[in-house]
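First comes the structure, then the notes that go with it.
The values are calculated or read from the model by the stated rules, or taken from the named source; none is laboratory data. All values reported here derive from a predicted model rather than from experimental measurement. As a convention, Cβ positions derive from the backbone with ideal geometry for all residues, glycine included, and neighbour counts pool all protein chains shown.
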Amino acid sequence: MKQFILRSGPDENGLVRLTGEDFHYLARVRRIRADSVINCRLPSGKAAVLKIVRAEKNTLIAECLETNEEACVQSEFPPIILFQSMVKGTKMDLIVRQAGETGVTEVVPFYSEHSVPRLAEGAGFGQTRTDRWRRILRMARQQSNSAVSADVAEPLSEIELF
């Protein structure tokens, strides 16, 4: 892991509380302990270095040691927006991951006339899939050390696209 992308910035004391999925990933998967130092990216896009001060039962408390004024690369390059027609199976997961690794700023999935998946009846179908793609995109950015802020839009129908 070259960097960790924080969901929220440090508080007024320069401390960051990592709970939930972030705690699980760092403490259980990566086995980060007290006194460990990790590179991270703040929600504002700035690079920072965090030192884990203490580990509690379900919380890691970290201190922001330094903040690099290097902002997201978006200001240097024009944004790259990928409009991707919905594809069969889990291929969309791979497309989103590779888009995040290469510096795409936004992925906009859409349903076309020839798309195999169709809009499902029932609440939350698109939201669950979009949330999954956002998690995949976040992990891809962490792994590739990408400084580009990226997001996945809700899937659009062919009519909404034009």
Subject >> Matching residues in the range 23-57 - criterion: being surrounded by 15 or more Cβ atoms within 10 Å (Cβ to Cβ), more than 18 Å from the chain's Cα centre (by Cα) and in a loop (DSSP other than H, G, I, E, B) >> reply: 32, 36
**OP:** Could you list, in sequence order, all residues of the range 35-77 that are modelled with pLDDT of 85 or more and not hydrophobic (A, V, I, L, M, F, W, C)?
**Re:** 35, 36, 39, 41, 51, 54, 56, 57, 58, 59, 63
Original post:
How about the range 139-158: which of its residues are surrounded by fewer than 17 Cβ atoms within 10 Å (Cβ to Cβ) and part of a helix (DSSP H, G or I)?
Top reply: 139, 143, 158
Original post:
Scanning the range 109-131 for residues that are within 17 Å of the chain's Cα centre (by Cα) and over 10 Å from residue 96 (Cα atoms), which turns out modelled with the lowest pLDDT?
Top reply: 127
Original post:
Does any residue of the range 148-161 turn out to be within 20 Å of residue 42 (Cα to Cα) and modelled with pLDDT under 85?
Top reply: yes
Subject >> Options 9, 20: the member that is surrounded by fewer than 16 Cβ atoms within 10 Å (Cβ to Cβ), under 21 Å from residue 129 (Cα atoms) and within 19 Å of the chain's Cα centre (by Cα) >> reply: 20
